[in-house]
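Remarks on the structure that follows.
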Amino acid sequence: LVHRMQGYGSTIFAEMTALAVEHDALNLGQGFPDTDGPQEILDAAKAAIDGGRNQYPPGAGEPELLDAIATHQKRFYGLEVDARSQVLVTVGATEAIAATILALCETGDEVVTFEPYYDSYAASIALAGAVRRTSVLRFPDFAVDEDSLRAAFSARTRLVLLNTPHNPTGKVFTRAELELICELAREFDAWVVTDEVYEHLVFDGLEHVPVATLPGMAERTLTISSAGKTFSTTGWKVGWVSGPAQAVAAVRTVKQFLTYVASGPFQPAVALGLGLGDDVYAGLSRSMEGKRDLLVSALRGIGLDVSVPGGTYFVVADAAPLGATDALEFCRELPARAGVAGVPVSVFHDDVDAARTLVRFAFCKRDDVLRDAAARLAALR
Ligand code: PMP
Ligand code: GLN
């Protein structure tokens, strides 16, 4: 394995899911729903296969999906995006992130991001030979710290990589926080790459603010999303990136040689999904909010400090009362000890002390599974 990928052996999600399977544990580790998304979308994928749409789709994506993404950006956020030149379909958000960083960063360029960070950010930055500069979001409120954020910028900053709503914390960045980030991006003439895969999973009437909607930001922002989270189809791996035409063209150049195109039959199905009514979107987030409430109150019931997530399908809890002193060790033992899997937040940190005993639990699971998991954790006390 090349030097720049040393230390990226196996993702924590694969490790924890393997342990969950081995011990027949309830998997609140890896973030994937245990119930599929809207039936119309599933039927549309089957129809696409039966209808013979099984060969290479166009490189940028199926035109109907490109149109649907552009329409979605207009419908929800008032953003004007040209479907032909400003949108690229990718193999999940993961490829969009990697291809974007590879397209924009020269060796030694710096990428500013927050920690805890989604694991593929660190790996993609490393693949590009770029350098990660982070600002810590601290439990339990995970607020942006202006001084440390400013200190992460330098003359070598090429881009800021942010994620709202944020995995693993569930934090929804406030408008003021985003304005601060954008102000720094402008000051240091950096791109903003914003991972908004949880854009439709926002609770408590909070507002998801797409970075590209902030004044003057559309011209320096690349926005990434994915059908996996919105439609509970994480295995389909249909994602996309949109932004200024020249930057999207650069990402397309890289994407061509990573995967060439994304899977064909899922693209018309996702196009159909993006056009579904407001009631469908509201229903998905309402259902997830109910699950959030269920797991948060259950974890509090067993005496854990919890950061109540404003979005995503993850909740971070301090597992110290359950005997955790090192979250990674604790999570490696948890499936065998309790029949539950979680993910240690420390693995998403450079400053592991910021998350010594913090565990992320996914609540995108059936209510009975969440109740059962809480009961199993309670038995550890
Ligand atoms: N970004 C974040 C913040 C995520 O949580 C995920 C999925 N877990 C991804 C990107 C990857 O999305 P996809 O499965 O569409 O590649
Ligand atoms: N994004 C999901 C999570 O955060 C899992 C994705 C993966 O397994 N790479 O749990």
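The values are calculated or read from the model by the stated rules, or taken from the named source; none is laboratory data. No experiment lies behind these values; they were computed from the predicted model shown. Every residue, glycine among them, receives a Cβ derived from its backbone with ideal geometry; neighbour counts consider all protein chains shown.
Filter segment 76-126 for residues that are away from ligand 1 (no atom under 15 Å from the Cβ) and within 20 Å of A262 (Cβ to Cβ) and give the result.
Listed by number, the residues that qualify are V81, D82, A83, R84, S85, Q86, V87, L102, A103.
Restricting the search to segment 231-249, which residues are of a type in the set (V, I, T), surrounded by 24 or more Cβ atoms within 10 Å (Cβ to Cβ) and within 9 Å of ligand 1 (Cβ to nearest atom)?
V238
What tally of residues in segment 332-381 results from selecting those that are without any contact (Cβ under 8 Å) to a residue 60 or more places away in the chain and in a strand (DSSP E or B)?
Total meeting the criteria: 1.
Between A298, A282, which is hydrophobic (A, V, I, L, M, F, W, C) and buried (at least 17 other Cβ atoms within 10 Å of the Cβ)? Even if it seems obvious, please write down each step before you answer.
Numbers: A282 fails: buried (at least 17 other Cβ atoms within 10 Å of the Cβ).
Going through A298, A282 in turn, the sole match is A298.
Could you list, in sequence order, the residues of segment 186-221 that are among the β-branched types (V, I, T), farther than 19 Å from V251 by Cα and assigned to a loop (DSSP other than H, G, I, E, B)?
Hit for segment 186-221 is V209, nothing else.
Between residues in segment 119-141 that are on the phi > 0 side of the Ramachandran plot and residues that are buried (at least 20 other Cβ atoms within 10 Å of the Cβ), which pairs lie under 8 Å by C-beta distance while being six or more apart or on different chains?
G129/C105
Do we have E115 as touching a residue at least 12 places away in the same chain (Cβ under 8 Å) and under 22 Å from Q73 (Cβ atoms) here?
So E115 does not fit the description; no.
Which of (1) surrounded by 21 or more Cβ atoms within 10 Å (Cβ to Cβ); (2) modelled with pLDDT under 95 is the odd one out, the single condition R381 does not satisfy?
(1)
Which of the residues that make up segment 32-63 are at pLDDT 95 or above, small (G, A, S) and within 20 Å of G92 (Cβ to Cβ)?
Hits for segment 32-63 are A44, A45, A48, A60, G61.
Please determine, by comparing only the residues of segment 20-72 that are in contact with a Gly (Cβ under 8 Å, 6 or more places away or on another chain) and within 16 Å of ligand 2 (Cβ to nearest atom), which one is nearest to F348 (Cα to Cα).
G29
Give the number of residues within segment 159-202 that are within 16 Å of ligand 2 (Cβ to nearest atom) and acidic (D, E).
3
Would you please name the residue that is farthest from ligand 2 (Cβ to nearest atom), looking only at residues in segment 1-19 that are closer than 16 Å to S120 by Cα and in a loop (DSSP other than H, G, I, E, B)?
Checked segment 1-19; the qualifying residue farthest from ligand 2 (Cβ to nearest atom) is Q6.
Name every residue in segment 238-257 that is touching an Asp or Glu at 6+ places or on another chain (Cβ under 8 Å) and within 16 Å of ligand 2 (Cβ to nearest atom), in order of residue number.
Of everything in segment 238-257, just one residue is touching an Asp or Glu at 6+ places or on another chain (Cβ under 8 Å) and within 16 Å of ligand 2 (Cβ to nearest atom), namely G239.
Being of a type in the set (S, T, Y) and under 17 Å from the mean Cα position of the chain (by Cα) is the requirement here; does T253 meet it?
Values: of a type in the set (S, T, Y): yes; under 17 Å from the mean Cα position of the chain (by Cα): no.
Taking the combined requirement at face value, the residue does not satisfy it.
Of all residues in segment 308-323, how many are in contact with a strand residue (DSSP E or B) (Cβ under 8 Å, 6 or more places away or on another chain) and buried (at least 24 other Cβ atoms within 10 Å of the Cβ)?
Final tally of qualifying residues: 9.
Quick test of your reading of the structure: Q73 fulfils all but one of (1) at pLDDT below 95; (2) within 21 Å of L214 (Cβ to Cβ). Name the failing condition by number.
(1)
Looking at segment 270-293, is at least one residue under 22 Å from the mean Cα position of the chain (by Cα) and farther than 30 Å from I69 by Cβ?
Yes: segment 270-293 contains one or more residues that are under 22 Å from the mean Cα position of the chain (by Cα) and farther than 30 Å from I69 by Cβ.
Could you give me the residue pairs with C-beta distances under 7 Å whose first residue belongs to segment 83-101 and is assigned by TED's automatic domain parsing to the domain that holds V251 and over 16 Å from G235 (Cα atoms), whose second residue is in a helix (DSSP H, G or I) and among the basic types (K, R) wherever it lies, and which are 6+ apart or on separate chains?
Between residues of segment 83-101 that are assigned by TED's automatic domain parsing to the domain that holds V251 and over 16 Å from G235 (Cα atoms) and residues that are in a helix (DSSP H, G or I) and among the basic types (K, R), the close pairs are L88/R252; L88/K255; A99/K255.
Would you mind finding the one in A130, A98 that is more than 30 Å from L65 (Cα to Cα) and crowded, with 23+ Cβ neighbours inside 10 Å?
A130
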